[in-house]
1. Quick one: ranking B:131, A:94 by accessible area, 1.4 Å probe, largest first, what do you get?
2. I'd like the distance separating the alpha-carbon centroids of region A:131-172 and region B:147-201, in whole Å.
3. May I ask which residue of A:163, A:182, A:146 lies farthest towards the positive end of the charge dipole of region A:119-190, with charges of +1 (Lys, Arg) and -1 (Asp, Glu) on Cβ and the Cα centre as origin?
4. Ignoring solvent entirely, what values of log10 I(q)/I(0) come out of the Debye formula for region B:82-141 at 0.25 Å⁻¹ when each Cα is a single scatterer?
5. Keeping all protein chains in place and using 1.4 angstrom, which order do A:130, A:158, A:82 fall into by accessible surface area, from largest down?
6. Under 11 Å from the Cβ of residue A:65, count the other residues' Cβ atoms, weight Lys and Arg +1, Asp and Glu -1, and hand me the total.
7. I'd like the mean, over residues of A:300-312, of how many other protein chain beta carbons sit within 10 Å of each residue's own Cβ.
8. Amide H neighbours of residue A:67 under 5 Å, at least 5 residues apart or on other chains, H built in the peptide plane: list them.
Amino acid sequence: MSLDAAMMRATAPAILPGSGGLRGALSDLFWRKPKVLLLLMLLPPVLWLGIVYIGSLFALLAQSFFSIDEFSGLINREFTLKTYGDLFQAANLDIILRTVTMAALVTLASAVIAFPIAYYAARYARGRWKALFYLGIMLPLWSSYLVKIYAWKLILAKEGILTWLLAKLHLLWLLDAWLSLPVVGGNSLSVSFTGTFIVFVYVWLPFMILPVQAALERVPGNLVEASSDLGASPGQTFRNVLFPLALPGIVAGSIFTFSLTLGDYIIPQIIGTSRLFIGQAVYSQQGTAGNIPLAAAFTVVPIVIMGFYLWGAKRMGAFDAL
Amino acid sequence: MRSDGSQSAPLGLKIAAACGLLFLHLPILLIFVYAFTTEEKSFVWPPPGLTTQWFAVTWNRPDVWQALSLSVRVAAISTAIALVLGTLCSAAVSRTKFFGRETISLLVILPIALPGIITGIALRSAFSLADIPFSFWTIVLGHATFCVVVVYNNAVARFRRSSGSMIEASMDLGADGFQTFRHVVLPNIATALLAGGMLAFALSFDEVIVTTFTAGQQQTLPIWMLEELIRPRQRPVTNVVAMVVVLVTLLPILAAYYLTRDGDQIAGSGK
């Protein structure tokens with residue numbers, strides 16, 4: 001135990017002289033009444049987050065109950081549910097449905113791609129390799145969000161590297177066939193839902209890998225061995241042992257992938273079609289349209305969805321895997 | 001015997017993991033090639049030629065420097081605020097059990113658990129309700145709020161691993177609370193705070209969604225890049241800036257990794 005070393009460092013003279021005055025009195029007070037210290041420690045962060053963040057959220061919520069006068073464009077500061085009613089217009093429901101579908105698909109794809117990486121990192125990577133894997137996930141996680149999107153613009157553009165690669169492989173017909181499909185296709189990958197989907201998966205993938213890896217690291221290796229000793233095929237071991245134990249991690253990761261997709265407006269704006277996502281609708285309603293109540297009502301949608309999601313995730317024990 | 005202890009991974013798993021990692025890294029590497037391309041107007045691949053002239057052009061662009069300087073100043077101040085708030089909060093939460101503890105940890109996580117656009121528009125609507133004009137400080141207000149969680153996470157992890165008995169020992173030896181904090185607690189959590197601070201800096205430096213709502217006319221570097229992505233003026237300059245941003249964010253991440261890596265050597269980790 002390195003306690004001795006720390007003590008040596010901490011108290012160069014064996015006993016420090018006690019200090020009197022205000023400082024000593026305060027110190028004594030904190031020791032006798034830990035609650036006072038606790039309160040003082042909590043006060044600044046809780047005040048900041050409470051006033052700046054929660055306060056703003058309430059300001060937003062309040063605005064969603066206002067409405068906009070269609071003729072003057074002025075905001076009518078009277079309580080009404082009219083703005084929420086507007087959410088249920090076909091065009092707006094469409095936006096919500098499209099975003100939720102995309103978020104679900106992105107979450108599913110992230111989980112599928114993340115699992116082998118997380119499993120390899122948790123079970124097989126050791127020493128130097130383990131460090132390399134960790135950095136290999138952390139670097140893309142923390143590197144610039146816009147740069148990542150920009151990189152994909154370069155890749156997916158009509159004259160970009162993907163088209164070039166497919167041409168070399170004589171597979172351009174495949175790309176053309178895909179792009180001619182309704183909904184997922186488009187003029188080029190960089191202006192299609194397929195492109196949006198790929199970039200979403202790419203950008204949020206590390207958020208899925210880390211919790212899944214954390215969950216898998218808690219699975220004892222001999223459990224997998226026991227399963228195969230008892231005659232289970234790798235597929236059976238995966239379905240009956242690994243997957244259930246990794247599930248809290250996957251749910252924890254899905255909180256991020258789902259929530260981030262619900263709110264993002266930059267990826268679909270830069271790589272995507274003109275059909276809007278929730279984030280874009282919020283942005284344009286508060287900006288160009290000047291309809292802040294409707295923008296506020298729109299943001300309540302992801303809040304409510306995430307509220308249920310977090311509640312469900314907590315019940316599945318996903319918070320322990322965060 | 002199937003369970004032989006140290007087996008190596010099945011080939012399929014190896015390939016899948018390697019492909020996954022390549023998927024994560026190749027796009028970023030691609031940026032580096034584009035920074036040197038001679039092509040000005042489009043994203044043509046392969047690059048028709050290579051040149052370093054765009055670095056000089058970028059160097060002489062005042063708008064890039066202004067954006068960079070604003071980003072650095074915002075990130076520095078937000079990080080400082082986040083360090084204070086995050087440390088206080090993590091010390092309180094990890095040390096004692098009290099009513100509402102769960103609520104407080106949720107409160108800290110919420111600004112990044114909810115989509116950025118919600119934080120952004122919530123702050124914007126609060127500013128407009130309170131008649132606060134957009135300024136440098138409105139950007140800082142937003143950034144500091146979501147940076148707290150990074151410092152908090154790093155510090156909480158460190159607090160949980162270090163032992164409370166050290167603090168008691170220090171007190172028993174006659175140190176008062178402030179001396180204990182200065183000589184025992186702080187040295188133990190210093191590297192975790194440094195790591196948290198660097199990540200908070202990187203997070204703020206890169207933030208775009210919240211910033212679009214809390215900035216008025218000012219342009220941080222990400223806002224500048226977003227402008228260029230939507231209405232490109234000089235593509236090669238964007239390429240160069242993108243590459244520089246990758247390199248600049250790489251350093252704090254590597255540093256943070258090395259600072260938190262040796263977690264086992266913290267004094268009192270034996271509990």
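The values are calculated or read from the model by the stated rules, or taken from the named source; none is laboratory data. Remember, predicted model here, so these are calculated numbers, not experimental data. For neighbour counting, all protein chains shown are included, and Cβ atoms are generated from backbone atoms with ideal geometry for every residue, glycine included. For accessibility, only protein heavy atoms count, side chains too; no ligands or nucleic acids. Shrake-Rupley method; radii C 1.70, N 1.55, O 1.52, S 1.80 Å.
1. Working: B:131 130, A:94 80 Å².
The residues order as B:131, A:94, largest area first.
2. 40 Å
3. It is A:146, whose Cα lies furthest towards the positive end.
4. -1.04
5. A:158, A:82, A:130
6. Neighbourhood net charge equals +1.
7. Details: counts 1, 0, 4, 4, 0, 0, 5, 1, 0, 1, 5, 0, 0.
Mean inter-chain Cβ contacts per residue within 10 Å come to 2.
8. For residue A:67, whose amide H was placed from the backbone, the distant partners under 5 Å are A:76, A:78.
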